[in-house]
Amino acid sequence: MTKPFPCTQCGLCCQHVHLSNETHFLDRGDGICKHYDMASKACSIYTERPDICRVDRMYSLRYVQQHTWDEFVTMNLKVCTQLGSGSPR
Ligand code: SF4
Ligand code: SF4
C-alpha cells in the first residue's frame with residue numbers, strides 16, 4: 001500500500017449505511033449509522049469501528065488478490081462521488 005485512502009471525512013458513507021447489505025446492520029432507522037455523531041460529524045466508535053468501515057482492512061481481507069490498492073481506491077472513490085452527487089438516495 002503506497003498511500004492512504006484519500007477520505008475527506010465528509011461523513012456521507014456513514015449517513016447512507018442502508019444502501020449496502022454489508023452496512024445495513026448499522027442503520028439507526030433512517031439510513032444514518034447509529035454510531036455517527038451528527039454534532040461532531042464523526043464516528044463515535046472510530047477506534048472500534050467494524051471492519052467494513054475500514055478501507056485498508058477490507059482491501060487486505062477481500063480484494064488484495066484481485067485489485068491493486070490504486071484500483072481499489074478508485075472503486076471506492078466512485079462510491080464517495082455518487083454519494084456526494086446525491087444520486088443513491
Ligand atoms: S463518503 Fe468517502 S470521502 Fe466521505 S467520509 Fe465516506 S469514505 Fe470518506
Ligand atoms: S461505525 Fe463509524 S465509521 Fe462505520 S458507518 Fe458508523 S459512524 Fe461511520
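The numbers here are math on the coordinates, done by the rules we state, and not lab data. Fair warning: this is a prediction, and the values are worked out from it, not measured in the lab. Note that we place each Cβ from the backbone using ideal geometry, even for glycine, and neighbour counts take in every protein chain shown.
In angstroms, what radius of gyration and Dmax does the chain have, counting Cα atoms only?
Both quantities, over Cα of the chain: 13.1, 39 Å.
To the nearest 10 degrees, how steep is helix 69-85 against the longest Cα principal axis of the chain, on a 0 to 90 scale?
With both axes taken from Cα atoms, the answer is about 30 degrees.
Could you pull out every one of the aspartates and glutamates with an alpha carbon less than 18 Å from that of residue 78, ignoring same-chain neighbours closer than 8 positions?
22, 56, 70
Quick check on packing: order 72-84, 38-50 by the mean number of other C-beta atoms within 10 Å, highest mean leading.
Values: 72-84: 14.6, 38-50: 11.1.
Descending mean neighbour count gives 72-84, 38-50.
When only Cα pairs under 8 Å and 6 or more residues apart are kept, what is the percent relative contact order across the chain? Intermediate values should be presented prior to the final figure.
Values: 64 pairs, mean separation 22.7, N = 89.
Taking the mean separation of contacting Cα pairs over the length of the chain, I get 25 percent.
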